[in-house]
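Please treat every number below as a calculation from the coordinates, not as lab data. Being a predicted model, the structure only gives us computed values, none of them experimental.
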């Protein structure tokens, strides 16, 4: 389990107990509670959103990186129009700029 605050722990227990009270099996109730707490933490900015982080491993080719990683790399290189580009277009623009 991640390092949650006391408030997060209380929220987790409350949601888990409420789910069990509705007849949800124990494993599923724990999953629902953990996902809900993590969602609130992410929305509050207390945990990073993995998709929006980083530019990928520099040793991997551009074609093997995700579009989000390519977008972040294009942002670092200050490539104009990057928000409307598809993955292939981002790869081409990054290669031209490097």
Can you tell me the orientation of helix 26-43 relative to the chain, as the angle in degrees between its alpha-carbon axis and the longest Cα principal axis, to the nearest 10?
50 degrees
What percent does the relative contact order of the chain come to when contacts are Cα pairs within less than 8 Å and at least six residues apart?
17 percent
Which residue fluctuates most in the GNM of the chain (Cα springs below 10 Å): 28, 73, 42?
28
Given only helices, namely DSSP H runs of n ≥ 4 each adding -39500 (n - 2.57), what is the per-residue ellipticity at 222 nm of the chain, to the nearest 500 deg cm²/dmol?
-18000 deg cm²/dmol
Pop out the Kirkwood hydrodynamic radius of the range 35-98 from its pairwise C-alpha distances, inverse of mean 1/r, in Å to one decimal.
12.9 Å
